[in-house]
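K.L.:
Sending over a structure as structure tokens; questions will come in a sec.
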Amino acid sequence: MEIAVLLKQVPATESLVEIADDGTAIKTEGINWVMNPYDEMAVEEALQIRDAAGGTVTVFSLGPEKTVEALRTALAMGADTAVRIDTQGTLLDGMATAKVLAGELKKGAFDLIIAGHRAVDDDNFQVGPAVAEFMGIPHISMVIRQEQADGKIRCTRTIDGGTLVLETALPALITTQRGLNEPRYTSLPGIMKAKKKPIDTRALSETGTDPGDPMVETIAMRLPPQRKGGRIIEGDSAADKAAALVRALREETKVI
């Protein structure tokens, strides 16, 4: 089975994020960049499917030179090949990213495409489903279990208050949700082998896909207002404290 995985490099969740001087982006200095956690699950699931059914796993990513680090991590986990579309100096929104990725994926013959259901930096939930739409193939999102047989894939996905089982013919695209698997750690032998695996790098202009004008523009970024400290309600009894609390809610915060 030929499997493609879409991944993105994002700031590690413990990184201290600061707004750049222009107010429309974040400062990139000093940030620890990692593979998007949901994309790690996508790589892991692809490797498990390949190991059981045979085939290859190819990882795709758009980004500047530093994106190679995330691709090397996927290769160290066990992916066979990697493709990077160099977007140095070009900002693409989710829809444009999906259009470029779909154009590249159409050049192959992939039975299954796996992506994280969201990236932890922008949280737009858009790229995976949009890639499927541009390719004209079915997609199932937020998958926590999957199995394949007779050219079809059956997935259990999360919904509000429960789960839903869906089945579709391959080729198809699925996106990952927590609970699907536990991504493996990279081993030293895997890291050494990854250094020897080639990464197919091409410029955005070489893809043959026009991403078009961005549909989303970042006007400004602001940090959330700093929260005030808590307040202890004083009183001689529980009734006095309750009365004081109600009075504060009514007169000071005006929420009742």
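K.L.:
Which condition number in (1) surrounded by 12 or more Cβ atoms within 10 Å (Cβ to Cβ); (2) closer than 28 Å to Ile219 by Cβ; (3) among the β-branched types (Val, Ile, Thr); (4) touching a residue at least 40 places away in the same chain (Cβ under 8 Å) is the one that Ile3 fails?
P.N.:
(2)
K.L.:
Of all residues in the range 67-101, which are in contact (Cβ under 8 Å) with a residue 40 or more places away in the chain and over 30 Å from Ser187 (Cβ atoms)? Full working, then the answer.
P.N.:
Taking the range 67-101 as the starting set, the residues that turn out to be in contact (Cβ under 8 Å) with a residue 40 or more places away in the chain are 67-87, 90-97, 99-101.
Passing the criteria: Thr87, Thr90, Leu91, Leu92, Asp93, Gly94, Met95, Ala96, Thr97, Lys99, Val100.
K.L.:
Among the listed residues Ala194, Ala172, identify the single one that is closer than 19 Å to Met1 by Cα and of a type outside the set (D, E, K, R).
P.N.:
The conditions single out Ala172.
K.L.:
A further question follows. Sort out which residues of the range 6-55 are part of a strand (DSSP E or B), at pLDDT 90 or above and exposed (fewer than 15 other Cβ atoms within 10 Å of the Cβ), and write them in order of number.
P.N.:
Quick first cut of the range 6-55, residues part of a strand (DSSP E or B) only: 6, 9-11, 19, 26, 33-35.
Then keep just the ones that are at pLDDT 90 or above; that gives 6, 9-11, 19, 33-35.
Ile19 - this is the single residue of the range 6-55 that is part of a strand (DSSP E or B), at pLDDT 90 or above and exposed (fewer than 15 other Cβ atoms within 10 Å of the Cβ).
K.L.:
Test of understanding: among Thr158, Thr186, Thr176, which residue is closer than 27 Å to Asp51 by Cα, surrounded by 14 or more Cβ atoms within 10 Å (Cβ to Cβ) and free of Cβ contacts under 8 Å to residues at least 24 places away in the same chain?
P.N.:
Thr158
K.L.:
Among the residues of the range 93-132, what is the count of those that are in a loop (DSSP other than H, G, I, E, B) and closer than 17 Å to Pro211 by Cβ?
P.N.:
The initial filter retains those residues of the range 93-132 that are in a loop (DSSP other than H, G, I, E, B), namely 93, 106-111, 117-126.
Subsequent filtering for residues that are closer than 17 Å to Pro211 by Cβ retains 93, 106-107, 122, 124, 126.
Qualifying residue count for the region: 6.
K.L.:
Being more than 18 Å from the chain's Cα centre (by Cα), without any contact (Cβ under 8 Å) to a residue 60 or more places away in the chain and part of a loop (DSSP other than H, G, I, E, B) narrows it down to one residue among Ile137, Ile153; which is it? Show your work before the answer.
P.N.:
Working: Ile153 fails: part of a loop (DSSP other than H, G, I, E, B).
After ruling out the rest, the residue left standing is Ile137.
K.L.:
Considering only residues that are closer than 24 Å to Pro11 by Cβ, surrounded by 18 or more Cβ atoms within 10 Å (Cβ to Cβ) and either outside the structural domain of Thr175 (by TED's automatic domain parsing) or not hydrophobic (A, V, I, L, M, F, W, C) (or both), which ones fall in the range 101-128?
P.N.:
Gly116, His117, Arg118, Gly128
K.L.:
Please state which one of Glu182, Glu217 is outside any helix (DSSP H, G or I) and outside the structural domain of Asp86 (by TED's automatic domain parsing).
P.N.:
Glu217
The values are calculated or read from the model by the stated rules, or taken from the named source; none is laboratory data. Everything numeric in this text was worked out from a predicted model, so none of it was measured. Neighbour counts are summed over all protein chains in view; Cβ atoms, including those assigned to glycine, are modelled from backbone coordinates with ideal geometry.
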